[in-house]
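**Q** Could you have a look at this structure, given as structure tokens, before my questions?
The values are calculated or read from the model by the stated rules, or taken from the named source; none is laboratory data. Fair warning: this is a prediction, and the values are worked out from it, not measured in the lab. We place every Cβ from the backbone using ideal geometry, glycine too, and count neighbours over all the protein chains shown. Accessible surface is based on the protein model in full, side chains and every heavy atom, while ligands, DNA and RNA are left aside. Shrake-Rupley method; radii C 1.70, N 1.55, O 1.52, S 1.80 Å.
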Amino acid sequence: MNTFENFNLKEELAVKGRKVYGFIPLAQRPNGTWVNLPVMMAIGAEDGPTIVVDACAHGDEYEGCEGIIEAFRRADPAVMKGNLVCVPAVHAEAFAEMKRYSTLDFVPIDLNRTYPGQEKGYLTQSVADYYFNNIVKHADGLITIHGGGNYLYLEPVTLYQSYGDEISARSRAMAEAFGLDALWRNQVCEPQNGILDELAYTAGIPAITPEIGGQTTRATNREENVSRIADGVFNVLRLWKILDGEVKRFDSQYHVDVQYIYAKHGGIHKPQKKGGQRVKKGDTLSIITNLFGEEVDRVLSPIDGRVIGYWAYTVSQPRSWVYMVGRELEE
Ligand SMILES: [Zn+2]
């Protein structure tokens with residue numbers, strides 16, 4: 001393992017046909033240990049595009065982290081025309097803390113709401129700035145992996161950009177190649193919200209956000225989800241012709257436009273619909289009771305659609321979202 005004191009991705013990628021990995025030290029903690037950015041590079045023997053893949057922008061979303069480690073393990077630079085740059089935990093602090101956020105910031109900051117970051121901001125803002133400017137900007141395509149983390153159930157779903165241009169078409173092709181069933185069409189780009197795939201789009205980089213796994217599935221589907229991610233990364237490498245071979249197609253994919261559905265009151269939240277299930281407008285999604293078992297809220301679906309995810313924890317908070325329903329779209 002290396003420590004990259006003065007990391008320069010362009011210089012690293014210029015030395016062909018090798019695998020190299022290690023920590024980029026970013027800042028020192030009071031106890032003298034370092035906040036690091038882990039990076040793994042499979043640098044093809046021949047020139048070609050660079051795909052960047054990351055996970056754990058939210059610290060508790062571990063499937064992407066393990067899937068990336070597996071993809072890097074499988075990668076063979078000798079047969080690659082281009083590069084795979086892997087960041088298994090963008091927010092390595094939140095990863096270690098087993099939380100969505102890191103507590104090192106004075107107040108919690110969501111890494112995936114703070115791009116392009118601030119070099120002289122709080123720790124999480126500086127991680128965003130470093131990662132975006134020193135790694136993401138060198139990418140021809142970006143795969144930024146999320147998941148259900150500690151509290152959510154999610155159907156495996158890949159978000160892609162859809163603004164009717166060439167970058168969007170590339171983003172959609174990457175989403176299809178990644179291989180998850182549900183494809184979440186994002187038609188609103190609001191870079192001021194600080195979300196990485198939208199910032200990548202504004203920088204001219206096609207990007208997808210696969211969402212897969214979470215604590216609710218780890219006892220039963222952990223290995224399966226990890227290998228689906230590694231398979232997805234490899235199929236995207238074939239799409240970009242970094243690897244030879246036919247791009248695998250998936251017949252069961254469907255496109256959705258996802259809405260978050262909020263409850264007014266918190267309490268004991270009882271999900272009434274399962275992931276992937278079709279719902280009608282007006283169907284009950286969740287019943288929320290108080291500590292005496294009395295109903296305090298009932299959350300109805302505002303649309304016809306399919307359940308893409310829901311808050312899977314027993315307790316839910318007031319004014320927080322409890323369901324994600326996807327309106328099915330024509331191809
Ligand atoms: Zn996330």
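**Q** Restricting segment 178-194 to residues that are part of a loop (DSSP other than H, G, I, E, B) and touching a helix residue (DSSP H, G or I) at 6+ places or on another chain (Cβ under 6 Å), which is nearest to Asp165 (Cα to Cα)?
**A** Here is the first cut: in segment 178-194, the ones part of a loop (DSSP other than H, G, I, E, B) are 179-181, 187-190, 194.
Applying the additional criterion that residues be touching a helix residue (DSSP H, G or I) at 6+ places or on another chain (Cβ under 6 Å) yields 179, 189, 194.
Details: Gly179: 22, Cys189: 13, Gly194: 21 Å.
For segment 178-194, the residue satisfying everything is Cys189.
**Q** I'd like the full set of residues that are touching a residue at least 60 places away in the same chain (Cβ under 8 Å) and either within 16 Å of the ligand (Cβ to nearest atom) or on the phi > 0 side of the Ramachandran plot (or both), limited to segment 66-87.
**A** Glu66, Gly67, Ile68, Gly82, listed by residue number.
**Q** Hey, any hits in segment 2-18 for a residue that's within 29 Å of Gly213 (Cα to Cα) and surrounded by fewer than 24 Cβ atoms within 10 Å (Cβ to Cβ)?
**A** Residues of segment 2-18 that are within 29 Å of Gly213 (Cα to Cα), as a first pass: none.
No, there is no match, as no residue in segment 2-18 is within 29 Å of Gly213 (Cα to Cα) and surrounded by fewer than 24 Cβ atoms within 10 Å (Cβ to Cβ).
**Q** Counting only residues that are open to solvent by 70 Å² or more (accessible area, probe 1.4 Å) and away from the ligand (no atom under 15 Å from the Cβ), which one in segment 97-108 is farthest from Gly147 (Cα to Cα)? Lay out the reasoning, then the answer.
**A** The initial filter retains those residues of segment 97-108 that are open to solvent by 70 Å² or more (accessible area, probe 1.4 Å), namely 98-101, 103-104, 106-108.
Those left that are additionally away from the ligand (no atom under 15 Å from the Cβ): 103-104, 106-107.
Working: Thr103: 20, Leu104: 23, Phe106: 25, Val107: 23 Å.
Once the filter is applied, the top-ranked residue is Phe106.
**Q** Could I ask something else about it? Return yes when Asp244 is open to solvent by 30 Å² or more (accessible area, probe 1.4 Å), closer than 24 Å to Arg185 by Cα and of a type in the set (D, E, K, R) and no when it is not.
**A** In short, no.
**Q** Can you find a residue that is among the small types (Gly, Ala, Ser), surrounded by fewer than 17 Cβ atoms within 10 Å (Cβ to Cβ) and not in a strand (DSSP E or B) anywhere in segment 54-77?
**A** Among the residues of segment 54-77, not one is among the small types (Gly, Ala, Ser), surrounded by fewer than 17 Cβ atoms within 10 Å (Cβ to Cβ) and not in a strand (DSSP E or B), which makes the answer no.
**Q** Kindly state which strands (runs of 3 or more DSSP E) lie completely within segment 212-331 and contain at least 2 residues that are in contact with a His (Cβ under 8 Å, 6 or more places away or on another chain).
**A** 284-289, 295-300, 321-328
**Q** Among the listed residues Gly121, Gly147, which satisfies the condition of being out of contact with any helix residue (DSSP H, G or I) (no Cβ under 6 Å at 6 or more places or on another chain) and open to solvent by less than 70 Å² (accessible area, probe 1.4 Å)? If you could, list the steps in order and put the result at the bottom.
**A** On the way: Gly147 fails: out of contact with any helix residue (DSSP H, G or I) (no Cβ under 6 Å at 6 or more places or on another chain).
Testing whether each residue is out of contact with any helix residue (DSSP H, G or I) (no Cβ under 6 Å at 6 or more places or on another chain) and open to solvent by less than 70 Å² (accessible area, probe 1.4 Å) leaves just Gly121.
**Q** Can you tell me which of Ala89, Ala45 is surrounded by fewer than 22 Cβ atoms within 10 Å (Cβ to Cβ) and either closer than 19 Å to Gly213 by Cβ or out of contact with any Asp or Glu (no Cβ under 7 Å at 6 or more places or on another chain) (or both)?
**A** Of Ala89, Ala45, the one residue that is surrounded by fewer than 22 Cβ atoms within 10 Å (Cβ to Cβ) and either closer than 19 Å to Gly213 by Cβ or out of contact with any Asp or Glu (no Cβ under 7 Å at 6 or more places or on another chain) (or both) is Ala45.
**Q** Just one of Thr144, Thr216 is within 15 Å of the ligand (Cβ to nearest atom) and under 14 Å from the mean Cα position of the chain (by Cα); which is it?
**A** Among Thr144, Thr216, only Thr144 is within 15 Å of the ligand (Cβ to nearest atom) and under 14 Å from the mean Cα position of the chain (by Cα).
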